[in-house]
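Q: The structure's right below; bear with me while I get my questions together.
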Amino acid sequence: MLKFIAGRLIVVLSVGLTLSIVTFFLLNYVIDPAQAIAGEDALFEEIEQIREQYGFDRSITVRYFEWFTGIFQGDLGESYYWNKPVISLLVDRAPETITLALMSVSVTILISIPLGIMAALNPNSLIDRMALGIAVTAQAVPNFWLGLIMILIFALAFPIFPVSGDKTLFHFVLPSIVLGASSVPAVMRLMRTGLLDVINADYIRTARSSGFYGWRLIFNHALRNALLPVVSVLAVQLGNKFGGSVITESVFAINGLGRLALESILGADIPTVQILVFVFAIIFLFFNLLADILNAYLDPRLRL
Amino acid sequence: MNKIKSLILSLLISLMFPINVFADKSDDTLVAAFSRELTQLDYHYGTKTEFLILGDMIDSGLFYVNKEDLSYVPDIASDFKIVDDTTIDINLRKNAKFHDGSEVTADDVVYTYNFIVKNEKNRRSKKIKGWLESIEKTGKHSIRFKSKYPYANLFNDLYRIKIRKNGIMGTEGNWNDSAQLNELNGTGPYKVVSFDPGVEVVLVRNDDYYGGPKGMPAIKNVVIRSIPDMGTQQAELMSGGIHWMYNVKKDIGEAMAKTGKADYQLGPSLRVGFLVLDAGGYSGEGNPITKLDVRRAMNHAINRESIAKNLIGGPAKAIHTACNPVVFGCFQDVKKYDYNPDGAKKLLAKAGYPNGFELDLWSYRDKEAAQAMAEDLGKVGIKVNLKHGKLSALNKARKNREIRAYFGTWGSTASPDTATISNIHWRDPAKGDRNLSGDPKVNELMLSAEQTLDVEKRKSLYAQGLKLIADQAYWVPLWSYSEGVLSSKSIDFKLDPDGYPRLWNITWK
Amino acid sequence: MIFKTFLKRLFPRSFDEQIYNLTPKELIIRKSSNHGGFKFGLFLLTVIFLFAIFGPVILDVSPYEQDLTKRLLPPVWKEGGTWEYIFGTDGNGRDYFARILYGTRISLTIGFGAACVGMIIGVTLGVCAGYFGGWVDQIVSYLLTCQLALPGLLLAMTIVFLIGPSITVVIFVIGATHWAFFLVVSRSATQKIKNLDYVTAASAIGASKFQIIMKDIIPNTVSQIIVIFTLEVGIAILNEASLSFLGVGIQPPTPSWGLLIAEGKEAIFFQPWLIILPGIALFTLVVSINMLGDGLRDVSDPNNKVSEE
C-alpha cells in the first residue's frame, strides 16, 4: 500500500510540473505581461520600466529555469500583479475556496443522497421521475447562468441572501448551491443505481423473505453497501470543486483561488497562474488518489 | 468558529429583519466600488486610474488639476516662478503635514524626486529621468528644478509624483520598495485605516489636512470595495451596500435611475476612441491599408455620430482629430470626413478594391462599438474579422507587427494636454510600436511640441501635426466618450468636466 | 487506477463485464421504442435541428443587421414589444430572435465538431493503449492524468489567447480537452475484445495489427462510443458557452449563446430576457441531447432492466 501511494505521489508531482511548463511557455508566448501590469492608459516609459524591472526582455527559457530553481529553494516566486509572494496570496485566498468547496459538496450530499435513496426505493414512481428530472436539469444548466439567475431571484426579487462577497458563511450559500448543483446528477444516479443493485441482491432478498423488512434493513445493510462507491466519487467531486470555482467565484465576487486564477490570467500574472495550475492539478490528483485508497479500503476485492 | 457564529447570527437577523443594515449617513461612512482591484497603496508602484484616484485621496503632489478649467494649480507647492526655459523655482506650503504629524519640507521633496529617479523599481522612474536634470533645496520651504530641455508637460509630472517623507523609502543603494505598499504615510485629505489588497481599503478623514485646491473633505469615513462584476455592483447599489460606482454605461445607468434608487450622471470624459491604421505597411508591404484612398474610405464608412449618440450617449461626440477637442493643443480646423458609405465605396474602387477586402480589426474595449463599426465597414465592402480580446494580447501582436488596424482608446485621465496622447502614439517607430504612420514628419511635429514652452508655438506645431494626420488619414478618429456614474440618493456627487471622479468632494445630501 | 475511478463515475453499473455482439442498429431498434426519455430527446433534437437548418432560410432574418436607433427593445410579451422583433433587440439594435436562431447553428457545429475531435483523439489513444498495453498504456495513462488534472478552462483560455479565437480554434480546444471518456471506454473495450477467440484467430492467420484494429476492434466498440459521443456533444456545448461567457470563446458579432449571455449580463436587472432567453435555448438543446444520450446508454446496456419495466 505504501509503495502504491509513493508511486502515485511521484506521478502526481511530475504531472504538476509538466503542466506548469506548458502553462509558462504558452502564457509567455501569447501575452505581453508588461502591458497587462501597466493597464490601458499607461505611459510608454511605465510599460518599458516594468518590462525591464521584471526582466520580460530576457529569454523565456532563462526565466523558466530561474523560476524552477526557485521552487526547489522553497521560493514560489513573486506575483507581478499583487507585488507580494505568491505563497502569501495562496494562504490568503485558500480559506474562501476551501469553504466554498466543502459547502458545495455538502449541498450535493444534501440534495443527491436523499433523492437517490427515495428514487431507488420507489423505482419508476413520481419521485423517481422527479429525481431524474432534477438530474437532467442540473446537467444541462451552465453554472454561470444559474449563478446569475440565483442572484436575480434570491438576492434581488426576494432579498434573502446577500448578492456578493465572502464576509460570512451566509454569503456562501448561493454560490455553494450553484457549484454543488453540478455534481448532483452524477452522485444521485450513482446512489440510486447502487442502492437498487443492493436491494435486488440475493442477501437482501433473503433477509426480506425471512421477515426483516423496512427502513431498518435499508439503513443497516443496503445503504451502507450502496454508500461505499458514493463516498469515493464525492472525494473526486471535492477535488473538482477547486478548479471549478473560477466562474462561481467571479460571479459572486468571492475572493478565493478561482477568482485569483481568473484575475491572474487576465492580468498576465504568470508566476501566480503557474502556481495555481500546479496547485489545482495537485488537489485534483490528491482527491483522486484518496478516492482510490478509499475504494481499496472499503472494497476488499480491490485490495491487492 | 467565528464564521459559524456569524452564520447563525446573520440567519437570525435576516429572519427578524428582512433588510440588512448598512453603513450610511448615520455613521458618516461612504462606500464606493471599483471594478479593478487595488493591489497596493503607493501610487508610484501603480499605473491604473484607480490608483490615481486613491493616490489623490491619500497623497498629494506639488501640483493638481483644477476641476473647473482643467489647468494645473499648486497643491503642496504654494507658488512658483519660471526662471528660464529649463529652470523653475517652487515654494512649498508651510502648513502641509504628513499623516504622522510631521511638517512637509524641501528635504522631503528633494528626497522624493531623488528616490524616484534613482530607484528604478518604481513606475515613474524612466519618465522623470527623461527630463529631470537636477533638483536642489534652496530654503526650508523652497526648491529649484532644472530640466534637460524645455519640457512642456512638466506640471503633469509634478502632479503625478506624490511627496514621501524623507528617508521613508530607504536610502540610496538600500531602497525599500515595499515600505508604503500596505500602509501609507501620505499628505492627502484621507488617512488609511486598514487595507485588504484586492478586497477593500478603509479611509478616515485627515483632520489636519491643509485644504488646498482639493478642499476639505466632508465625509468622515470612506470605504473603497473591489467588486469585479458590474452586475454585482448594481445589485449592491440597489440593496444599499454601496453608494457610488462608475464606468456605468448609458442603458444601465438610465434604467437604474428609473427605479428611483439611484441618481445617474453621464458627463464628459477625456477618453477618446480611434482606429490606428497601418499606413506604413509594418504588417506586410502593400497591404490595402497602406493606400490613402482605402484609409479615407474607412473614415467615410463609419457612422461615428450615430454610434456616439446611440451607443455611448451623453456628451459623447464624433471627433475628427487625433485628440480630445477639449484638451490643450487639440487643433480642430482639420480635414473632416463625413459619413458617406457611397463615397467610401467609390474610394475603395479607385484604390483597386471594388469588391472590398478582408480585414482583421483588433479591439480590447467597448465591444458594442467595435461590433457597430465592423458592421458599418462591412456595408462598404470591408469584411471585418473582429479580434476582441485583452489589451495584453493586442499589445503582443502589435509588438510583433501583426496588426493592420486596431480600435484604441486613450483616457488622458487628469492630464488635459494633447501631449499625453501624442507622446505614446506618435513616437519614433524604432522606440515604440504604436506609430504605424510610417511618416517621420508626424513624429517630428507631434513630439517636438513637447519640448517647447512657448504656448503659441506649441499650438502651431500640434496644428500642423494634426492636419497632416487628418489629411493622410493615418487614424480614423472616432468619438469622445462619456463618463457614467451611479450614486445613491443619500449622497451628493457631481461629475467634473474632465470626467475624473474626485471622490473626496462627495457630501451627504 | 485512474481509468477505474473514471469508469465508475461514468458507468455506475458493472460496465466492464459487458461485451456487445449486437450492432448499434439492432440495439436501438430493439429497445428504444419503449424508452420515453430517448424518444422525447430524439424528437426535441430533431425539431431543433430543423429549426437551425431551415429557420433562418424560411424566416429571412439577419442576426447581424443593426439599427442603432432600435436598441434594447423588449420582447413581444413585454410592454412596448412588437411582433417585428419577437424576442426584442440587443444592445446593438439587432434582432434577438435571429441571433438566438443562428446561435443554434453555432452551438450544434461546435458541439458535434468538438465531440468528433475528442472522439478521434480519445479512441485512437484508447485503442492503442488497450491493444498494445505495456509502456504504450503507461504513456497514455500519464497523458490522461495530465489532461484530467489540468483545469480545462485555464488551458482553453490560454490556447484561445494563443491562436486567436475562431470557431475552428474553439472546436479544437474543446475537443482537445474532452477525450477522457472516449479513451477510458475504448481502452477497456479493446482489452476485452482483443483476447476473444476470433481476434486471436485473425492474428494467427496473419492479419496485421492495423487490420485487426480496424476490422475487429473498432466496429465492436461503436455502440459504446456513440453513447459517449452524445453525452460529449452536450458537454462541449456547455463548455463553449462558458468560454464565450468569459470572453475567450467565439468572437462577436457571431451570435454564440454564451456570448449573448455575457453581453446581457450587465443588464441582468433591467433586461433580464437578454440572459434568460439564450439560457433557455442552451438548456433545451443540452437537455434534448442528454436525454438522447441517457436513452442510448440505457438501451445499449443489456443489463438494464429498469428501462424495460
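The values are calculated or read from the model by the stated rules, or taken from the named source; none is laboratory data. Only a predicted model underlies this, so the values are computations on that prediction, with no experimental measurement involved. Every residue, glycine as well, gets a Cβ built from its backbone with ideal geometry; the counts of neighbours run over all protein chains shown. Protein only, heavy atoms only, side chains kept; ligands, DNA and RNA dropped before computing areas. Shrake-Rupley method; radii C 1.70, N 1.55, O 1.52, S 1.80 Å.
Q: Around C:Gly88, with a cut-off of 9 angstrom between Cβ atoms, what is the net charge of the other residues, counting Lys and Arg +1 and Asp and Glu -1?
A: Working: positive: C:Lys78; negative: C:Asp90, C:Asp95.
Computed value for this residue: -1.
Q: On to the next question. For chain B, what's the relative contact order in percent, using C-alpha pairs closer than 8 Å and at least 6 residues apart? All intermediate terms of the calculation are to be shown ahead of the outcome.
A: Values: 1036 pairs, mean separation 98.3, N = 509.
Dividing the mean separation by the residue count of chain B yields 19 percent.
Q: In Å and whole numbers, how far do the C-alpha atoms of region A:2-87 stretch along each principal axis, longest first?
A: 57, 24, 21
Q: Distance check, please: which entries in B:Lys48/B:Lys162; B:Lys335/B:Lys379; B:Lys249/B:Lys379; B:Lys67/B:Lys489; B:Lys121/B:Lys165; B:Lys335/B:Lys459 exceed 21 angstrom between their Cα atoms?
A: Details: B:Lys48/B:Lys162 15 Å; B:Lys335/B:Lys379 23 Å; B:Lys249/B:Lys379 27 Å; B:Lys67/B:Lys489 23 Å; B:Lys121/B:Lys165 18 Å; B:Lys335/B:Lys459 17 Å.
From B:Lys48/B:Lys162; B:Lys335/B:Lys379; B:Lys249/B:Lys379; B:Lys67/B:Lys489; B:Lys121/B:Lys165; B:Lys335/B:Lys459, over 21 Å: B:Lys335/B:Lys379; B:Lys249/B:Lys379; B:Lys67/B:Lys489.
Q: Could you give the radius of gyration (one decimal) and Dmax (whole number) of the Cα atoms in chain B, in Å?
A: 24.7, 76
Q: Could I ask something else about it? About the Cα centre of the protein assembly as shown, how large is the charge dipole given +1 on each Lys and Arg Cβ and -1 on each Asp and Glu Cβ? Please answer in debye to the nearest 20. Kindly include the intermediate steps, with their values, before the conclusion.
A: Working: 111 positive and 106 negative charges, 368 e Å.
It comes to approximately 1760 debye.
Q: Nearest 500 deg cm²/dmol is fine: what mean residue ellipticity at 222 nm does chain B get from its DSSP H runs of n ≥ 4 alone, each adding -39,500 (n - 2.57), divided by its residue count? Let's see the in-between values first.
A: Numbers: 14 runs with 148 residues, N = 509.
Calculated from helices alone, the mean residue ellipticity at 222 nm is -8500 deg cm²/dmol.
Q: Fully extended, how many nm does the chain gain between A:Ser106 and A:Asp57 (0.36 nm per residue separation, minus their Cα-Cα distance)? List each step's numbers first, then the result.
A: Values: separation 49, 0.36 × 49 = 17.64 nm, distance 4.79 nm.
Taking A:Ser106 through A:Asp57 to full extension adds about 12.9 nm, to one decimal.
Q: What distance in nm separates the simple spin-label points at C:Asp67 and B:Glu456, each placed 7 Å from Cα in the Cβ direction?
A: Here the answer is 5.5 nm between the modelled labels.
Q: Name the residue farthest towards the positive end of the dipole of region C:37-129 from the options C:Tyr64, C:Val123, C:Ala52, assuming +1 on Cβ of Lys and Arg, -1 on Cβ of Asp and Glu, about the Cα centre.
A: Result: C:Val123, furthest along the dipole toward the positive end.
Q: State the Cα centre-to-centre distance between region A:136-160 and region C:207-250 in whole Å.
A: Here the two parts' Cα centres lie 30 Å apart.
Q: With a 1.4 Å probe and all protein chains in place, put B:Glu136, A:Glu96 in order of accessible area, largest first.
A: Values: B:Glu136 85, A:Glu96 30 Å².
Descending order: B:Glu136, A:Glu96.
Q: Based solely on its DSSP helices, what 222 nm [θ] is calculated for chain A when runs of n ≥ 4 H residues each add -39,500 (n - 2.57) and the sum is averaged over all residues, nearest 500 deg cm²/dmol?
A: Values: 14 runs with 218 residues, N = 304.
Value at 222 nm, helices only, nearest 500: -23500 deg cm²/dmol.
Q: Continuing with this model, one more query. Rounded to the nearest 5, what is the percent of antiparallel bridges among the DSSP beta bridges in the protein assembly as shown?
A: Details: 62 of 81 bridges.
Of those bridges, close to 75 percent are antiparallel.
Q: Mean Kyte-Doolittle of at least 1.6 and a Cα length of 27 Å or more along the axis: which whole DSSP H helices of chain A meet both? Don't skip to the end; give the middle numbers.
A: Details: long enough: A:2-30 (42 Å, 1.87); A:86-121 (50 Å, 1.69); A:223-243 (30 Å, 0.96); A:270-298 (41 Å, 2.06).
Helix filter hits for chain A: A:2-30, A:86-121, A:270-298.
Q: Work from the charge dipole of the protein assembly as shown (Cβ charges, +1 for Lys and Arg, -1 for Asp and Glu, about the Cα centre) and give the residue of B:Gly170, B:Ala318, A:Thr108 farthest towards its positive end.
A: Value: A:Thr108.
Q: Can you sort C:Met291, B:Met245 by solvent-accessible area, 1.4 Å probe, largest first?
A: In descending accessible area the options line up as C:Met291, B:Met245.
Q: Further, regarding this structure: I'd like the accessible area for C:Thr177: 1.4 Å probe, protein heavy atoms, all chains in place, Å² to the nearest 10.
A: Counting only protein heavy atoms, the figure is 20 Å².
Q: Is any helix in chain B, taking whole DSSP H runs, at least 15 angstrom long along its axis by alpha carbon and on average at least 1.0 on the Kyte-Doolittle scale, and which ones?
A: B:2-16
Q: Hey, rough spin-label estimate for C:Trp135 and C:Met214, points 7 angstrom out along Cα→Cβ, what's it come to in nanometres?
A: In this crude spin-label approximation the distance works out to 2.7 nm.
Q: Here's a follow-up. log₁₀ I(q)/I(0) of the protein assembly as shown at q = 0.06, 0.08, 0.10 Å⁻¹, via Debye over equal Cα point scatterers, no solvent, to two decimals?
A: Taken in order of the listed q values, log10 I(q)/I(0) reads -0.53, -0.92, -1.37.
Q: A follow-up question, please. Summarise the partner chain shielding of C:215-223 as one whole number: the mean count of Cβ atoms from other chains within 10 Å of each residue's Cβ.
A: Numbers: counts 0, 0, 0, 0, 0, 0, 0, 0, 0.
Mean inter-chain Cβ contacts per residue within 10 Å come to 0.
Q: In addition: A:Phe24 accessible area, nearest 10 Å², 1.4 Å probe?
A: 10
Q: Let me ask something else about it. Taking the Cα centre of region A:2-87 as origin and charging only Cβ (+1 Lys, Arg; -1 Asp, Glu), how large is the dipole, in debye to the nearest 20?
A: On the way: 6 positive and 11 negative charges, 179 e Å.
Here the size comes out at about 860 debye.
Q: Largest first and in whole Å, what are the equivalent-ellipsoid semi-axes of region A:39-87 based on the Cα gyration tensor, each being the root of 5 times an eigenvalue? Before the final figure, lay out each step's value.
A: Details: eigenvalues 114, 41, 8 Å².
The three semi-axes for region A:39-87 are 24, 14, 6 Å.
Q: Heavy atoms only, probe 1.4 angstrom, no DNA, RNA or ligands counted: give me B:Ser283, B:Ser60 ranked by accessible area, highest first. Present the calculation step by step, with values, prior to reporting the outcome.
A: Details: B:Ser283 25, B:Ser60 0 Å².
Final ranking, largest accessible area leading: B:Ser283, B:Ser60.
Q: Evaluate the Kirkwood expression for the hydrodynamic radius of region B:82-185, namely the inverse of the mean inverse distance over all pairs of different C-alpha atoms, and round to one decimal in Å. Please report the intermediate quantities before stating the final value.
A: Working: mean 1/r = 0.0699 Å⁻¹.
Computed over region B:82-185, the radius equals 14.3 Å.
Q: Along the charge dipole of chain A, Cβ charges K/R +1 and D/E -1, which of A:Asn28, A:Pro175, A:Ile127 sits furthest on the positive end?
A: The listed residue farthest towards the positive side: A:Ile127.
Q: Okay, moving on. Extending each Cα 7 Å along its Cβ direction at B:Asn114 and A:Asn200, get the distance between those two points in nm, one decimal.
A: Once both label points are built, they end up 8.7 nm from each other.
Q: How much accessible surface area, in Å² rounded to 10, belongs to the heavy atoms of C:Cys128 with a 1.4 Å probe?
A: In the full protein context, C:Cys128 sits at about 40 Å².
Q: Strictly under 4.7 angstrom between C-beta atoms: which cysteines of the protein assembly as shown have no such partner?
A: Isolated Cys, the protein assembly as shown: C:Cys116, C:Cys128, C:Cys146.
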